[in-house]
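Colleague: Structure in structure tokens, see below.
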Amino acid sequence: MQDNSVRSMVFVAAFTALIVVGAIFSFPSPWNPVVPFTLATLFVILSGMILGPWLGTACVGLYLLLGAIGLPVFAGGTGGVQVLVGPTGGFLMGYIPAALLGGLIVRLGRGSLAAVIIAAVVATLAIYIPGIPWLHWKLMGFVDDWSWASTWGKYTAPFLIGDGLKAVAAVIIVRYLKDRLNPWSRND
């Protein structure tokens, strides 16, 4: 087995573990019982930006597979397909394009500050794009006010500050690790 293959497997395992830890140590938001606060999104974004689009996506795929087969890797130590088809399933599915797009943008921009910032923003939005409509659809008939305004105002907008801070943290971490890892020069 090649050294690069072993190194890649170690990085995929390590970032998958970081996503798991970021998800398990979550806490419910005080204004809604459906969507918890979690650091998993930070590690999802970092996986693509640091490891590249393919290895980052592999981390997310492994994480989702582990959760789908029932291991308690999702928010609050839950697991199973029921979580993936539940109200937060769209956000979880958004992890795949987040890692992929974040990695592609950093790679194409060769790690420039502008590319890293754009990658963090796009990766964050990639989680919201399937997450919000899925959440809205799953809330229909489940809550009293399931309008788009409620989905946005109560279940989404309050997370923007935290997700913005996670995007800023991702930029700082990637820039700090730039000279140590130089992931955009590898061909994964």
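Colleague: Given the structure, is Val106 among the aliphatic types (A, V, I, L, M), in contact with a Phe, Trp or Tyr (Cβ under 9 Å, 6 or more places away or on another chain) and closer than 16 Å to Ala23 by Cβ?
Modeller: no
Colleague: How many of the residues making up the range 69-116 are more than 21 Å from Pro53 (Cβ to Cβ), buried (at least 18 other Cβ atoms within 10 Å of the Cβ) and among the hydrophobic types (A, V, I, L, M, F, W, C)?
Modeller: 4
Colleague: Would you check which residues across the range 56-67 are surrounded by fewer than 17 Cβ atoms within 10 Å (Cβ to Cβ) and touching a residue at least 12 places away in the same chain (Cβ under 8 Å) and list them? Before you say what the answer is, go through the steps one by one.
Modeller: Step one: filter the range 56-67 for residues surrounded by fewer than 17 Cβ atoms within 10 Å (Cβ to Cβ), giving 61, 65.
Of everything in the range 56-67, just one residue is surrounded by fewer than 17 Cβ atoms within 10 Å (Cβ to Cβ) and touching a residue at least 12 places away in the same chain (Cβ under 8 Å), namely Gly61.
Colleague: Taking the range 141-188 on its own, how many of its residues are of a type outside the set (D, E, K, R) and at pLDDT 85 or above?
Modeller: Kept after step one, since they are of a type outside the set (D, E, K, R), are these residues of the range 141-188: 141-143, 146-153, 155-162, 164-165, 167-174, 176-177, 181-185, 187.
Checking which are at pLDDT 85 or above leaves us with 159-162, 164-165, 167-174, 176-177.
Number satisfying all stated conditions: 16.
Colleague: Could you please find all residues in the range 28-79 being more than 16 Å from the chain's Cα centre (by Cα) and either assigned to a strand (DSSP E or B) or charged (D, E, K, R) (or both)?
Modeller: Within the range 28-79, Pro28, Ser29, Asn32, Pro33, Val34, Thr78 meet the criteria.
Colleague: Still on this model: Of the conditions (1) part of a helix (DSSP H, G or I); (2) more than 19 Å from Gly164 (Cβ to Cβ), Tyr95 satisfies every one except a single condition; which number is it?
Modeller: It fails just one condition, (2).
The values are calculated or read from the model by the stated rules, or taken from the named source; none is laboratory data. Fair warning: this is a prediction, and the values are worked out from it, not measured in the lab. Don't worry about glycine lacking a Cβ; one is built from the backbone with ideal geometry, like all the others, and counts go over all protein chains shown.
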